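> Here it is: the structure, laid out below.
The values are calculated or read from the model by the stated rules, or taken from the named source; none is laboratory data. All values derive from a computational prediction rather than experimental measurement. Glycine also receives a Cβ, built like all others from the backbone with ideal geometry; neighbour counts cover every protein chain displayed. Side chains are part of the model used for accessible areas, which takes the heavy atoms of the whole protein and leaves out ligands, DNA and RNA. Shrake-Rupley method; radii C 1.70, N 1.55, O 1.52, S 1.80 Å.
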Amino acid sequence: MSRADRRASGRPLLALALAAATTTFASPGAHAAEARAEAVVLSISQREVLITSSFAGADLTIFGVAEPKGAAAPRPDVVVTVRGPEQTFLTWRKSQVIGLWMNTDSRAFLDVPGFLSVMSSRPAALLAGPEILRAEQIGLDRILLLQRVGPDFADVVPSDPFRTAFLRIQAAHQLYQDDPAGVTFLAPNVFQSQLRLPGHAPIGRYEVHVKVLRDGQVTGEARTHFEVARTGFEQSIAAFAHTSGILYGISVAFGSLVVGFLANLLFRKE
């Protein structure tokens, strides 16, 4: 199988800006949409992660403040979901054919996150009811992963063998992470989470989506992002390969010939 604050000068301005960014949602069984009016302010320790030849991974810290609408609001629960750039993966199933193990069936996962991390203050099953968890895609098993199933395009049940195998392989490479204790509180409404990026994390834009829940309902959310990019000699080579593919190929072939010729001179037997 195969294979990312500025403080306002016055509180009224901050409240106005945050209120403008709120959205609404419909609770299961409710007859009217309910506003997510709780203000959530986010900050991230790095806006850009630069990859060099010695890059072995990076640790980022996500900070947040949830401002409840009332003084008697219950303690919040927080879910932090980080999605890397979208990629397409082809997975295979092996079966025995005439005594040999061969690839006999495949499943394509289309435009799914190349990196995915779900961190929460408690296990997902304790945060809300099944309907809310499914509608809000809270938890790794509830994230929609579009697949090509024959002529159709859809997600499948969490127990589907291709889906579970895909999640297992991605988790083994530290590209998919599920941490039910990954969000900690520094104060009653101030939280943080630690994100670990592996050394082989994909290049591109990473979206950070934070949801705040109280009494099993999503009461606020906020988004931010960061970039993972190459720098130095590696970036120059990548840019050259992208903009001048033919010259890059000729250069690689010529370099291989030179290395082979030098190796022959150094190690040939007299």
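> Of the conditions (1) in contact with a Phe, Trp or Tyr (Cβ under 8 Å, 6 or more places away or on another chain); (2) surrounded by fewer than 18 Cβ atoms within 10 Å (Cβ to Cβ); (3) among the hydroxyl-bearing types (Ser, Thr, Tyr); (4) under 21 Å from Gly114 (Cβ atoms), Thr184 clears all except one; give me its number.
The single condition Thr184 does not satisfy is (4).
> Checking the conditions here, which among Leu146, Leu195 is at pLDDT 95 or above and in contact with an Asp or Glu (Cβ under 8 Å, 6 or more places away or on another chain)?
From the options Leu146, Leu195, the qualifying one is Leu195.
> Next up: Take the range 168-181 and flag every residue that is among the aliphatic types (A, V, I, L, M) and surrounded by fewer than 19 Cβ atoms within 10 Å (Cβ to Cβ).
Listed by number, the residues that qualify are Ile169, Ala171, Ala172, Ala181.
> Determine whether the range 96-111 contains at least one residue that is touching a His at 6+ places or on another chain (Cβ under 7 Å) and open to solvent by less than 40 Å² (accessible area, probe 1.4 Å).
Taking every residue of the range 96-111 in turn, none turns out to be touching a His at 6+ places or on another chain (Cβ under 7 Å) and open to solvent by less than 40 Å² (accessible area, probe 1.4 Å).
Matching residues to (1) more than 28 Å from Thr164 (Cβ to Cβ); (2) within 14 Å of the chain's Cα centre (by Cα); (3) of a type in the set (S, T, N, Q):
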residue	(1), (2), (3)
Ala73	yes, no, no
Val82	no, yes, no
Trp92	no, no, no
Val97	no, no, no
